[in-house]
Amino acid sequence: MLEPLKSVLGKGTLISFDFTYSVWWNIMLITVGSTICSVAIKSLAVPHEFLAGGIFGLASLVFYKFSFLTPGWLFFILNIPLFIFAWIKVSRRFFWYSLYATFAATIAYEFINIHLPVYNHIYAAVACGTLLGFGAGTVLRSLGSNGGLDVLAVYLFQRFNIGIGKVYLVFNFILFSLSLFELPLDTIIASLILVFISSTVVEQTLSMFNQRKVVFIISDNIELICHDILHEMKQSATFIKGQGAYLREDRNILMTVVNNIQLKKLEEIAFRHDERVLFIVENTFSVIGASFSRRKVY
């Protein structure tokens with residue numbers, strides 16, 4: 001088995017660019033993401049009376065019903081018990097980052113005014129869902145959250161392995177059921193489109209730059225292929241012992257993990273040494289440990 005090979009500069013100098021746990025990086029992600037979410041809510045969701053889902057959706061529903069305060073301040077007030085829960089049940093770091101996200105979203109909502117001239121209900125729902133999903137996904141790439149339902153969802157996922165999407169599904173089902181008594185059906189349908197698009201964009205934003213390919217290579221020239229992977233690509237690899245089913249011959253299967261950009265180079269190396277190589281590619285969302293990304297701990 002070959003040991004994982006990390007990128008080096010010169011002789012024995014290890015390169016490490018792990019900035020995902022740095023304060024400045026997390027603050028930047030939270031600030032940008034929270035601002036985008038607030039602009040989407042204020043410029044598109046509120047003018048069209050959409051429900052964005054989650055706690056902000058609940059705050060919007062209360063605002064539409066009672067015209068009490070603004071959705072931004074109602075969102076902040078509804079977050080108070082959830083932040084107490086985050087302090088006790090999740091972690092102090094998660095609490096402070098999530099609290100900052102709520103402050104940033106509230107301030108951005110109150111002081112940033114950007115007019116987006118989208119008047120068609122469906123177009124507005126698509127645009128709002130896209131912006132909201134990208135903003136929320138950007139925040140969730142940090143070590144914090146957007147506040148609100150994220151706090152409870154992260155806790156349930158860590159403690160009981162209940163998917164974050166399932167928590168939102170149940171909550172939004174209740175929220176949209178209540179909204180049937182207050183909002184026109186057309187608005188509710190448009191809101192459902194918004195929430196669906198937002199959820200899809202969140203997943204795409206979270207997977208951005210994180211997707212990996214697990215590649216299995218079977219060849220008679222496996223040693224030459226392995227040599228070029230290690231030295232040309234500076235990429236780690238592992239030999240797995242295998243046996244052919246027909247001839248019962250023992251052979252090494254080479255396994256490595258690459259990103260989308262590296263995949264084509266790896267394919268060229270494999271077929272350069274063996275035109276009959278068996279090149280198997282599997283998609284994987286996340287690879288944690290060794291020379292890859294660190295495990296995310298809130």
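The values are calculated or read from the model by the stated rules, or taken from the named source; none is laboratory data. Everything numeric in this text was worked out from a predicted model, so none of it was measured. Positions of Cβ are backbone-derived with ideal geometry, glycine not excepted, and every protein chain shown enters the neighbour counts.
Residues to consider are Pro47, Pro71; find the one that is of a type outside the set (A, V, I, L, M, F, W, C) and buried (at least 24 other Cβ atoms within 10 Å of the Cβ). So that I can check it myself, show each step before the final result.
Working: Pro47 fails: buried (at least 24 other Cβ atoms within 10 Å of the Cβ).
None of the other options fit; the residue is Pro71.
Residues of the stretch 28-86 being among the aromatic types (Phe, Trp, Tyr) and under 13 Å from Gly129 (Cα atoms), which ones?
As a first pass, look at the stretch 28-86 and keep what is among the aromatic types (Phe, Trp, Tyr): 50, 56, 63-64, 66, 68, 73, 75-76, 83, 85.
If the condition is that a residue be among the aromatic types (Phe, Trp, Tyr) and under 13 Å from Gly129 (Cα atoms), then Phe50 is the only one that fits.
Working carefully through the options Ser7, Ser22, find the one that is modelled with pLDDT of 75 or more and within 30 Å of Lys234 (Cα to Cα). Walk me through it before giving the result.
Numbers: Ser7 fails: modelled with pLDDT of 75 or more.
Answer to the selection: Ser22.
All but one of (1) touching a Gly at 6+ places or on another chain (Cβ under 7 Å); (2) within 16 Å of Gly148 (Cα to Cα) hold for Glu110; which doesn't?
So the condition that Glu110 fails would be (2).
Yes/no per residue for (1) surrounded by 17 or more Cβ atoms within 10 Å (Cβ to Cβ); (2) assigned to a helix (DSSP H, G or I):
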| residue | (1), (2) |
| --- | --- |
| Ser191 | yes, yes |
| Val201 | yes, yes |
| Phe216 | no, no |
| Ile225 | yes, yes |
| Phe239 | no, no |
| Gly242 | no, no |
| Val257 | yes, no |
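Please determine whether any residue of the stretch 210-217 is under 30 Å from Ala86 (Cα atoms) and modelled with pLDDT under 85. Give the steps one after another, and end with the answer.
Filtering the stretch 210-217 for residues under 30 Å from Ala86 (Cα atoms) gives 210-211.
Now narrow it down to the ones that are modelled with pLDDT under 85: 210-211.
Yes, the stretch 210-217 has at least one match.
With the structure loaded, tell me whether Gly165 is small (Gly, Ala, Ser), outside any helix (DSSP H, G or I) and modelled with pLDDT under 85 or whether it fails that test.
Numbers: small (Gly, Ala, Ser): yes; outside any helix (DSSP H, G or I): no; modelled with pLDDT under 85: yes.
Answer is no for this residue.
For a quick check of your reading of the model, give me the residue pairs whose first member lies in the stretch 179-205 and is free of Cβ contacts under 8 Å to residues at least 40 places away in the same chain, whose second is surrounded by 20 or more Cβ atoms within 10 Å (Cβ to Cβ) and aliphatic (A, V, I, L, M), with beta-carbon atoms closer than 9 Å and at least 6 apart or on different chains.
Cβ pairs passing all conditions: Ile189/Ala125; Leu192/Leu51; Leu192/Ala125.
Considering the stretch 173-187 alone, what residues qualify as being surrounded by 17 or more Cβ atoms within 10 Å (Cβ to Cβ) and not small (Gly, Ala, Ser)?
In the first step, residues of the stretch 173-187 are kept if they are surrounded by 17 or more Cβ atoms within 10 Å (Cβ to Cβ); the result is 175-176, 179, 183, 187.
Of everything in the stretch 173-187, those that are surrounded by 17 or more Cβ atoms within 10 Å (Cβ to Cβ) and not small (Gly, Ala, Ser) turn out to be Leu175, Phe176, Leu183, Thr187.
Checking Leu149 against (1) touching a Phe, Trp or Tyr at 6+ places or on another chain (Cβ under 7 Å); (2) modelled with pLDDT of 85 or more, only one condition comes out false. Which one?
(2)
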